[in-house]
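The values are calculated or read from the model by the stated rules, or taken from the named source; none is laboratory data. What you see is a predicted model, and the numbers here were worked out from it, not measured in a lab. Glycine gets a Cβ as well: all are built from the backbone with ideal geometry, and neighbour counts include every protein chain shown. SASA here: full protein model, heavy atoms, side chains in, ligands and nucleic acids out. Shrake-Rupley method; radii C 1.70, N 1.55, O 1.52, S 1.80 Å.
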Amino acid sequence: MPLKSDRFATIIKAKIEKYASQTIVGEEGKVISVGDGIVNVVGLDSVMLNELLLFANGSYGIALSLEADYIGVVMLGEYVNIAENSIVKRTKRVISVPVGDELLGRIVNPLGVAIDGKEDIDIKKFVPTEKIAPGVMTRQSVNQPLETGILSIDAMFPIGKGQRELIIGDRQTGKTTIAIDTIINQKGKNVYCVYVAIGQKNSSVAQIVRTLEAMDAMAYTTIVSATASDIPALKYIAPYAGITIAEEWMNQGKDVLIIYDDLSKHAAAYRTLSLLLRRPPGREAYPGDVFYLHSRLLERACKLNSDNGGGSITALPIIETQAGDISAYIPTNVISITDGQLFMMTSLFNMGQRPAIDAGLSVSRVGSAAQIKCIKQTVGSLKLELAQYRELDAFSQFGSDLDNETKTALEHGKRIMAMIKQPQNKPIDQITEAILLFTIKERLIKWIPLEKMEDFKSSLISHFSKNELTKKLSAIKEFTKELNDDFKKELKKFVNSYVATIQNYNSSLYGNIEELKK
């Protein structure tokens, strides 16, 4: 009897299921070509994007390019002894890094392996490096300051917990110094720090470690290092490893600061991998998805709402410009992703101004939401006065015959620049910053000779560190009318006594000192 069609279909299905149970499809593949850290593999039909693959020599690679007829694998280890037709096996897990408190105080490579010469890390948990950023409904607006301890930043370009503030400028203009000073200032503030070194020299990373150890900052810091001598694949995954480590703490309700130093070298490493994988080049030879490279990284920094633990990640990415060109491809990409930028100016740096931040091109899009009230009250006109000074300073170079008003604005501007000048590794607390800003706002610095400004500033800080008024301000964090008047009297008294100690003081040059006694 002829078989009915439905019965015939049932027999075929049963045979297919039996065959499928006996055969594992796509679990092993073969190498078809090797070169420059890229291995092309065929036969792995079921492989996932970013999956770790194990090669016959024991090295691992990442499946980064899934083409129609082959897979492009980026090697994470030795590849010179991989031969054509050698076997490649799936691990069925995507690239992951260890997370947890065990990483505090340690230096690890982007795979989470300790490279500080100490004992192996006791790893309890691995998390995939690629993850979708928290959604809008799980976040809240930035409303708490992340204190950098740098007067010019906390005053004019405040950074809040959960913000992404870009540090941008030419090489050797103090970008890393700002990042390291911010880490140092988190001591005792219950903020965990992650420093990601991408393409830095080994000696530079070692120097940063020595600085952090000297300032007792390594206890709450993890360093993820992919140095210039490492292969491009490690530089590519380094920032994703860093943010994954930070996210674990954020999800526990903790505040985290992460530094990416720097994303220019990260983009260059990704360009190298993309060109080797034969992806089509675009502008400046970067691949088309280079914007997504950084946007999916920086979007993971945020402030979670209380329903989701209230933790935060504050990101300070660093970008290196060429001859101050902030309109180049990668700088404009990262500027558009972040919530503001600190632009480091080479000419200011060469003049000895530290930090060399250009107040004109720098901005914080979070603004006063990330400031305590006493700083908010004293900083109102500072940016305007600095902008006026810059304009008049440029103008004054063309002629010496200036009116008194212009001379006053120039002298005041010079003193502001001297007041906001700050040596590295010497962070200032926010209450002290507020007192310094109050002194600038009340124009009590006009009596101080320019060459004495540094000494005056340190004397002022020392005087008010033991003062009863400082304790009152620390308690309420606001200049009430009464406190405002008391500070004004105390500051006038201090300036008067300081001026009296200056030998050969020329009162006709700096104004009548009797005004202070009124």
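See the values below:
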| quantity | calculated |
| --- | --- |
| Rel. contact order, % - alpha carbon contacts under 8 angstrom, at least six apart, segment 201-263 | 23 percent |
| Lys/Arg +1, Asp/Glu -1 at C-beta; segment 173-312 dipole; positive extreme among Val256, Ser229, Leu298 | Ser229 |
| Extended-chain gain in nm, criterion 0.36 nm per residue less alpha-carbon gap, Arg365 and Asp69 | 101.9 nm |
| Per residue accessible area of segment 318-459, 1.4 Å probe, in Å² | 47 Å² |
| Restraint check, Lys414/Lys466; Lys421/Lys489; Lys201/Lys457; Lys89/Lys124, Cα-Cα greater than 27 Å | Lys414/Lys466; Lys201/Lys457 |
| Inter-probe distance in nm under a simple model that places probes 7 Å from Cα toward Cβ, at Ser336 and Lys92 | 4.2 nm |
| Calculated from backbone phi, Karplus (6.51, -1.76, 1.60) coupling profile of segment 136-142 in Hz, x at Gly/Pro | 4, 6, 8, 9, 9, 5, 5 |
| Carbon plus sulfur fraction of accessible area for segment 237-309, probe 1.4 Å, in percent | 50 percent |
| Theoretical FRET efficiency, 1/(1+(r/R0)^6), r = Cβ-Cβ of Phe126 and Ile11, R0 56 Å, to 0.05 | 0.80 |
| Sequence-distant residues sharing a close amide H with Ile32 (under 5 Å, placed H) | Asn40, Val41, Val42, Asn85 |
| Förster-model FRET efficiency, 45 Å R0, Glu78 and Gln252, C-beta, rounded to 0.05 | 0.75 |
| Debye, to nearest 20: dipole size of segment 171-320, +1 on Lys, Arg Cβ, -1 on Asp, Glu Cβ | 400 debye |
| Length-normalised contact order of segment 374-518 in % [C-alpha pairs under 8 Å, at least 6 apart] | 27 percent |
| Accessible carbon and sulfur surface of segment 97-140 relative to its total accessible area, %, 1.4 Å | 61 percent |
| Label of the coordinate-derived value, Rg and Dmax of the Cα atoms in Å, listed as (i) 29.3, 99; (ii) 26.3, 92; (iii) 28.9, 124 | (iii) |
| Accessible surface of Thr338 - all protein chains present, 1.4 Å probe, nearest 10 Å² | 10 Å² |
| Per-selection Rg to Rh, segment 230-385 - Cα, Kirkwood hydrodynamic radius | 1.01 |
| MRE, 222 nm, helices only [DSSP H, n ≥ 4, -39500 (n - 2.57), over the chain, to nearest 500] | -12000 deg cm²/dmol |
| Positive dipole terminus of the chain, leading residue within Ala14, Ile428, Pro128 (C-beta point charges) | Ala14 |
| The chain: relative contact order as a whole-number percent, Cα under 8 Å and 6+ apart | 14 percent |
| Modelled label reach - Asp36, point 7 Å along Cα→Cβ, segment 228-262 residues with backbone N closer than 19 Å | 229-237 |
| J(HN,Hα) series, segment 214-224, from Karplus relation 6.51 cos²θ - 1.76 cosθ + 1.60, nearest Hz, glycine and proline x | 5, 9, 6, 9, 6, 4, 10, 10, 10, 10, 9 |
| Among Val366, Pro331, Gln397 - extreme Cα towards positive end, dipole of segment 315-401, charges at beta-carbon | Val366 |
| Förster radius 60 Å - calculated FRET efficiency between Ser459 and Asp307 (Cβ-Cβ, nearest 0.05) | 0.80 |
| Solvent-accessible area of His463 with every protein chain in place, 1.4 Å probe, in Å² to the nearest 10 | 70 Å² |
